[in-house]
1. So how far, in whole Å, is the C-alpha centre of the range B:241-291 from the one of the range B:134-213?
2. Could you give me the radius of gyration and the Dmax of chain B, taking only the C-alpha atoms into account and expressing both in angstrom?
3. Angle between the Cα long axis of helix B:2-15 and the longest principal axis of chain B, 0 to 90 degrees, nearest 10?
4. Would you calculate the separation in nanometres between label points at B:Glu189 and A:Arg32, each defined as 7 Å from the Cα along the Cα-to-beta-carbon direction?
5. Can you sort A:Thr7, A:Thr53, B:Thr39, A:Thr122 from fewest to most other Cβ atoms within 10 Å of each residue's own Cβ?
6. Treat each spin label as a single point 7 Å out from the Cα along the C-beta direction, and report the A:Lys135 to B:Glu152 distance in nm.
7. Tell me which residues come under 5 Å, amide H to amide H, from B:Leu76 once H is placed; ignore anything under 5 positions away on its chain.
8. Per residue of B:248-254, count partner chain C-beta atoms within 10 Å of its C-beta, then hand back the mean as an integer.
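Each value in this text was obtained by applying a stated rule to the coordinates, not by laboratory testing. This one's a predicted model, so the numbers in the text were calculated from it and none came from an experiment. Cβ sites come from the backbone with ideal geometry, for glycine too, and all protein chains shown count toward neighbours.
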Amino acid sequence: MQMNDNTFRPKIVAFCCNWCSYAGADLAGTNRLNYPADVKIIRVPCSCRVNPTFVLRAFGRGADGVIICGCHPGDCHYTSGNYYARRRMTLLFSMLDYLGIERERTRVEWVSAAEGAKFAQTMNSFVETVTKLGKNKRLEDLRCKK
Amino acid sequence: MQKVMIERAAELLSSGKVNRVLGWRAGLFAHDNTPSVFTDAADLQANFVYNEFCGANLSKYLVKESDKEGTVAVFLKPCDTYSFNQLIAEHKIKRDNVYAIGVQCNGMKDVNDREKLEERCASCKSRKHVAYDELIGESGEILDSNRFDMVEKLENMTSEERFEFWRGELSRCVRCNACRNVCPACTCEKCIFDNPDSGSANKAPADPFEENLFHIIRAFHVAGRCTDCGECSRVCPENIPLHLLNRKFIKDINELYGEYQAGETVNERGPLVNYTQGDAEPSVVYERGNS
C-alpha cells in the first residue's frame, strides 16, 4: 500500500494479555489477516497487570490511542483478573473523559485466543477511529518530543 | 464546647486512661489551628482550641500515634470518623490504642472568606459519627447532600470545555504534595510520587502532562477508599478543586457498582478490590453524556 508521507499515522499501544488476546493476535498473523502496523503490542501476563500509570505513560510518550485486550469475562487464566481490570479501566477511562481527553482514544476489548478475526477487526476499527481524531495533543509529555 | 472538651481531656489524662491527647493547637492567627499532641493539663488549658477553623482531619495522625506506646485520645468530627473507620479497615490504625471522642461539628469556615462555610461543609454529606467511644455534643444524621452538583455540571460540558476547565485548574499546581500528605487515604509508606522513575517525582511540574499524571494517579490511588473528607482541597495552596476529581470517582462507583460510602463500616470490601460478573462493560463510558 502506497502511503503519502504527510498522511497521519497514529501510534497505538495495545496491551494484550498473554493467554487470550496475545494468542488471538498470533492467530490473526497465522491466518494472514491484515491489521495496521501502527498497533504496537505489549504483552502483559493478565489484563489486570495494566496499571493506570501504564496507560497515562503511553499517552505521555506519544501514543495516540491505548487499547487493552484481555480474556472474555469469566475466561481469565487467573480466574478473576479481568474482572478487576474491567472496574479499574472503566473508572480510569471515565476519569480521562472527565478531564477532557477524547474518550475514543481509549478502549477495552475482550479477545479470546480463537478470535484472530475479531482481533484484526478491532484493531482496524480502533486505528480508524484514532486516525480520525488526529494527534494526541491533550495528554502528551512535551519532554518526550524531539 | 471547647471548655467541655478541655475538661474531659484533662480528666482522661489525670485518670491515666490515656497518656496523650490529639487535638488542635491555637496558631498564630485565628484561622491556623494545627493538629497537635497534648500531654499535660496546663498545655491543654492554654493552647487547646476547638472552633470553626479546626478543619484538620486528625485520623491521619493516628497512623503514627496509635503505633506508639499507651493510649491516645483523639477528637473526631463526623467526617473524620469515616476516615478513622477506613483506616481501621485497612489495618493502619491500632484501634485498641485509641480512645475516640466524637465532637459535634457545625461546619468549618473558609479561611479565605471567614464569613462563609468551606465548600465541603456547605455540601456536607453526613453529620453522623460512625465510630466513637464517647460523644461530646450531638451526632447528627446522614444528609442528603448536593455534593455531586458540580461534577454533574462538568459532565454536561463538552470535552473541549472540560479540558479547558481542568487545564486552567491543574496548571496552577505547584506540586507541593500537600494533598497527598494530608490525605487520610494516602498512607503508603512508599509512594509512587517519591519514586524518581515514576515520571512524576519532580517537585516542580515540568510540563502539563506531569500535572495531569499526578492528579489522575493521586485520585485513582484513593478511588474506592476516599471518604470525601475534602482535606485535599482545603490544604491546596492554589485552591485547586481536587475534591471534584475524587467525587467523580465516587459518583461513578455509586452509579456503576452500587451506592458505596468508604468508612461507613469497617467490614465492607471496597469497590475496587471487588467485582461481580455482571459489572458494566468499560464501553458505558462512551455511551453517556457529551463527547
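1. 16
2. Just the Cα atoms of chain B yield Rg and Dmax of 19.8, 63 Å.
3. On a 0 to 90 degree scale, this one is about 60.
4. 5.9
5. On the way: A:Thr7 8, A:Thr53 18, B:Thr39 11, A:Thr122 23.
The order, fewest Cβ neighbours first, is A:Thr7, B:Thr39, A:Thr53, A:Thr122.
6. Result for the modelled spin labels: 4.0 nm.
7. HN-HN under 5 Å from B:Leu76: B:Ile101, B:Gly102, B:Val103.
8. Numbers: counts 6, 5, 0, 2, 6, 3, 0.
Per residue, the number of nearby Cβ atoms from other chains is 3 on average.
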